[in-house]
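Engineer: Provided herewith is a single structure, encoded as C-alpha cells, for subsequent inquiry.
The values are calculated or read from the model by the stated rules, or taken from the named source; none is laboratory data. Fair warning: this is a prediction, and the values are worked out from it, not measured in the lab. Counting neighbours? That spans all protein chains shown, and the Cβs are built from the backbone with ideal geometry, glycine included. Quick note on the areas: whole protein, heavy atoms, side chains included, nothing else; ligands and nucleic acids left out. Shrake-Rupley method; radii C 1.70, N 1.55, O 1.52, S 1.80 Å.
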Amino acid sequence: MPVKVSLQGGAIHIGDSISASSITGIGKKAAAGERTIGIALQEYTTETSGFTQGSDGIGKILVFVNLQHT
C-alpha cells in the first residue's frame, strides 16, 4: 500500500519497520520499541526523495501494512 513517509527517523531501506511520525498522517523509520504499521518495500533516502534544504522531505513508498502486534 502506498504510504506517505518522511525522513524524520532517518533514511528508510527495504525491510525497515515503519511507524507514525510526529506529523499527522505521515510515517517514518521506526526506532527500537516503537509500535509499527508495517515494513518498507522501497527505499526512501535523501537521494531518492529529492530532499533539499528547507523542504519537508515527505514522499510516498510502498509498505507492507501489518497492524498485528505480537
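Engineer: Restricting to segment 21-30, what's the tally of residues that are touching a Gly at 6+ places or on another chain (Cβ under 9 Å) and at pLDDT below 95?
Structural biologist: So the answer is 1.
Engineer: While we're looking at this one, here's another question. Of the residues that sit in segment 17-42 and are under 9 Å from the mean Cα position of the chain (by Cα) and of a type in the set (D, E, K, R), which one is farthest from VAL5 (Cα to Cα)?
Structural biologist: Checked segment 17-42; the qualifying residue farthest from VAL5 (Cα to Cα) is LYS29.
Engineer: Still on this model: Which of the residues spanning segment 1-35 are polar (S, T, N, Q), crowded, with 18+ Cβ neighbours inside 10 Å and assigned to a loop (DSSP other than H, G, I, E, B)?
Structural biologist: Correct list: SER6, SER21.
Engineer: For ILE39, state whether it is modelled with pLDDT of 95 or more and not in a loop (DSSP other than H, G, I, E, B).
Structural biologist: yes
Engineer: I've got another one for you. Test GLY57 against the criterion of being in a loop (DSSP other than H, G, I, E, B), touching a Ser or Thr at 6+ places or on another chain (Cβ under 6 Å) and either at pLDDT 95 or above or open to solvent by less than 80 Å² (accessible area, probe 1.4 Å) (or both), and give yes or no.
Structural biologist: yes
Engineer: Something else about it: If a residue must be among the hydroxyl-bearing types (Ser, Thr, Tyr), without any contact (Cβ under 8 Å) to a residue 24 or more places away in the chain and in contact with a Leu (Cβ under 8 Å, 6 or more places away or on another chain), how many such residues does segment 10-52 contain?
Structural biologist: Count: 0.
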